[in-house]
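J.: What follows is a single structure, and I will ask about it in a moment.
The values are calculated or read from the model by the stated rules, or taken from the named source; none is laboratory data. This one's a predicted model, so the numbers in the text were calculated from it and none came from an experiment. Here the Cβ positions follow ideal geometry from the backbone for every residue, glycine too, while neighbour counts run over all protein chains shown. Side chains included, ligands, DNA and RNA excluded: accessible areas come from the protein's heavy atoms. Shrake-Rupley method; radii C 1.70, N 1.55, O 1.52, S 1.80 Å.
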Amino acid sequence: MSKLFKNTGKFPLLRFSLVVMIVYTVYPLLFAYLGNETSLVNLFKDLAYTWGIGIFFTFFIVYLVKYSEVYFHKVGPIRYWLEWLFVCIVSYYFILIIYKFRLSKPISTAELLDMVYFRLYLVENILGVSFIYLLNRAFYFYQSALEKAAFAEKLQKEYAEMRLQVLKSQINPHFLFNSLSVLSNLVHVDKDASEKFILQLSKAYRYILDQKNEEWVSLEKELAFLDTYFYLLQIRFNKKVCLNMDIQVNADEWLIPALTLQLLVENVVKHNSMSTTHPLCIDVTAMNNKIIVRNSINKREHTEKSTGIGLQNIARRVAYRTTSKVEIEKNDQFFSISVPLIAKLN
């Protein structure tokens, strides 16, 4: 069965249900005809009416289950009983109306229910629609399980690729080249500053390598790493870039995707120009279960086109753990990105 799902996409449940319903209704009527309980003419009439009812309720049940999953998925398991009860009630009244319609003379509901043949016909159809409902539910659960497994597998694959991508983007030859260039100039100017720069650079790369197998890290560690990384940026750009941090949460109690803050700050520096008179200011604020990185916009005249891969990676990592979304706000003056935080389990 799983092979069938994989090869054909989605199982043709509607067609299968129709076939089952039609086959199911044939046997009782044939036995009634062979037992001389009905004539050949009545047999064909009964088949026509029963197939019509069966086709109607097959479509009804298939779409009931489909839209129930869309609009009432938060109700809980009790909705399955309510759905089945609703199907039985609708089928009872629908069969009652159809059966009265096919009779040549007016008849009351009580008189109909006194007829053994009608009661058998009613029970047969209610059992049929109940079976079709259970069949649809069973197939839906099975298909949903397969889809969730396939989605989880896809997420894991994307996550593995993304982690490698993130690591490669961090251990970036351009960043290393720029850092070494700054260091080569600094050595001749200030020996103490160059030693501190080397220490901070090694600290930054040690953290990057340590986090290559980590999915989420404490916000406290990320903020400490951001301090280290920003020190390297300040030495490189002097007073052309500034960082303001407002942390209104206990950083040790929250988790964030590893290397997120560095990636966001790197993107800000990459896509904006800066000068001593007009420094590039970056604000990092943590509050209300999220962290916000906001910067003034001063686009570079010549910059490589953004692929958006970095932000997509962050969004996918967040989606893997929580339903909260990464939110981006942008206008002519500011760019802001909000990343959800996950509470650390004690």
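J.: Provide the per residue accessible area, probe 1.4 Å, for the range 204-324, rounded to a whole number of square angstrom. Don't jump to the answer; show the numbers that get you there.
T.: Numbers: 6180 Å² over 121 residues.
On a per-residue basis, the range 204-324 sits at 51 Å².
J.: Once Rh for the range 181-234 is found with the Kirkwood sum over Cα pairs, what is the Stokes-Einstein diffusion coefficient at 4 °C and 1.567 mPa s, in µm²/s? Intermediate results must be reported in sequence, preceding the final value.
T.: Working: Rh = 12.1 Å.
Here the translational diffusion coefficient equals 107 µm²/s.
J.: Restricting attention to the alpha-carbon atoms of the range 219-329, what are Rg (one decimal) and Dmax (integer), both in Å?
T.: Every Cα atom of the range 219-329 included, Rg and Dmax give 14.3, 42 Å.
J.: Another question, if that's okay. What is the pair-distance distribution P(r) of the range 206-273, computed from all Cα-Cα distances in 5 Å bins starting at 0, with each bin given as a whole percent?
T.: 3, 15, 26, 25, 17, 11, 3, 0
J.: Then there is this: Can you work out ³J(HN,Hα) from phi for every residue in the range 328-336, in order, using Karplus 6.51 cos²θ - 1.76 cosθ + 1.60 and θ = phi - 60°, giving whole Hz and x for Gly and Pro?
T.: Calculated HN-Hα couplings, in order: 10, 10, 8, 9, 6, 10, 9, 10, 9 Hz.
J.: Please give the Cα centre distance for the range 54-96 versus the range 199-215, rounded to the nearest Å.
T.: Here the two parts' Cα centres lie 55 Å apart.
J.: Using a simple spin-label model with points 7 Å from Cα along the Cα→Cβ vector, what separation in nm is obtained for CYS242 and ALA193?
T.: 1.9
J.: Using a probe of 1.4 angstrom, how much of the accessible area of the range 171-265 is carbon and sulfur, in percent?
T.: Numbers: 2610 of 5050 Å².
Here carbon and sulfur together make up 52 percent of the probe-accessible area.
J.: Using the Kirkwood radius built from alpha carbon pairs, what does the Stokes-Einstein equation give as D for the range 80-163 at 10 °C and 1.306 mPa s, in µm² per second?
T.: Translational diffusion coefficient: 98 µm²/s.
J.: Under 5 Å between amide H atoms, partner at least 5 residues away or on a different chain: which partners does VAL217 have, H built in plane at 1.01 Å?
T.: Hits under the 5 Å cutoff: ILE256, ALA258.
J.: According to a simple spin-label model (label point 7 Å from Cα along Cα-to-Cβ), what is the distance in nm between PHE177 and TYR142?
T.: Label-label distance for TYR142 and PHE177, simple model: 5.8 nm.
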